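Accompanying notes for the structure given below.
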Amino acid sequence: MTSKKNVLVTGGNRGIGLATATLFADLGHRVVITARAPEIDDDRILAVACDQSDSDEVDKAFQTIESEIGPIEILIANAGITRDQLMLRMTDQDFADVINVNLTGTYRIARRAAKKMVRARWGRLIFLSSVVGLSGSAGQVNYAASKAGLVGLARSLARELGSRSITANVISPGPVDTDMFRELTDEQQSMITKAVPLGRTATTVEIASLAAFLASDAAAYITGSIIPIDGGLGMGH
């Protein structure tokens, strides 16, 4: 990619989001992150508060972003939450909250970003799903459903927006070395990594690098795709 673009990374204050925002800034792009209470120690990156479960907050955040750097040209939709529990113990609220943030919230962000992409006749929509979106995971029916929903969202947008040179793709990570993963017990970490053919977790930079490729001119003919980056964990799904 030769020209500088305006990039939004949701959930960009830690983990995969932070690594992605940092990489795009390193590549010379104008980068903004959103989170409920964003904090970032990088003066190249604009931080804007946004709770994507609220449509009014999404609109307000985009007004701020567009006044500061202009329309968003590349969206990396990474923000998400978990409320893990076995289904028979899961409350309606636990299910609804995860769907509202991870799926409906991502739809709100994508809808707002796409308005300006359509006018510009160029854009990149990149959605962070998960290997569990296709393989399932006990105790995560809400999270897995929300991540599976992103596939239908992205593929529908690929069909709706392709004539305007807007691509929509899904990244499907397996276990990643983040604070969330490190909070697991040693036994849980070991059990997960043993299930991965490559025998390790991904680094956040590996996920970020895939996002950077999908945003580049080299990936202009890739759309509606689900790209696993899971060390082989999800093979066959």
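Quick look at the values:
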| item | result |
| --- | --- |
| Matching residues in segment 50-78 - criterion: being among the hydrophobic types (A, V, I, L, M, F, W, C) and either in contact with a helix residue (DSSP H, G or I) (Cβ under 7 Å, 6 or more places away or on another chain) or open to solvent by 70 Å² or more (accessible area, probe 1.4 Å) (or both) | Cys50, Val58, Phe62, Ile72, Ile74, Leu75, Ile76, Ala77 |
| Selection count, segment 8-35, where residues are assigned to a loop (DSSP other than H, G, I, E, B) and out of contact with any helix residue (DSSP H, G or I) (no Cβ under 9 Å at 6 or more places or on another chain) | 1 |
| Among (1) surrounded by fewer than 19 Cβ atoms within 10 Å (Cβ to Cβ); (2) among the polar types (S, T, N, Q); (3) farther than 22 Å from Asp97 by Cβ - the single one Ser137 does not satisfy | (3) |
| Among (1) closer than 26 Å to Lys116 by Cα; (2) small (Gly, Ala, Ser); (3) assigned to a helix (DSSP H, G or I); (4) in contact (Cβ under 8 Å) with a residue 24 or more places away in the chain, the one test that Ala145 misses | (1) |
| Some residue of segment 107-116 being assigned to a helix (DSSP H, G or I), touching a residue at least 60 places away in the same chain (Cβ under 8 Å) and either within 20 Å of the chain's Cα centre (by Cα) or surrounded by fewer than 16 Cβ atoms within 10 Å (Cβ to Cβ) (or both) | yes |
| Tally of residues being within 20 Å of Glu57 (Cα to Cα), touching a residue at least 40 places away in the same chain (Cβ under 8 Å) and open to solvent by 10 Å² or more (accessible area, probe 1.4 Å) across segment 9-34 | 1 |
| Which listed residue is part of a loop (DSSP other than H, G, I, E, B) and either open to solvent by 70 Å² or more (accessible area, probe 1.4 Å) or not β-branched (Val, Ile, Thr) (or both), from Leu184, Leu161 | Leu184 |
| Residue in segment 192-237 that is surrounded by the most Cβ atoms within 10 Å (Cβ to Cβ), counting only those that are farther than 20 Å from Leu150 by Cβ and of a type in the set (Val, Ile, Thr) | Thr201 |
| Residue satisfying all of: in segment 157-181; touching a residue at least 60 places away in the same chain (Cβ under 8 Å) and not hydrophobic (A, V, I, L, M, F, W, C); nearest to Lys115 (Cα to Cα) among these | Gly162 |
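The values are calculated or read from the model by the stated rules, or taken from the named source; none is laboratory data. From a predicted model like this one, the values you see are computed outputs, not experimental measurements. No Cβ is skipped: glycine too gets one built from the backbone with ideal geometry, and neighbour counts run over all protein chains shown. Just the protein is used for accessible areas: all its heavy atoms, side chains included, with ligands, DNA and RNA removed. Shrake-Rupley method; radii C 1.70, N 1.55, O 1.52, S 1.80 Å.
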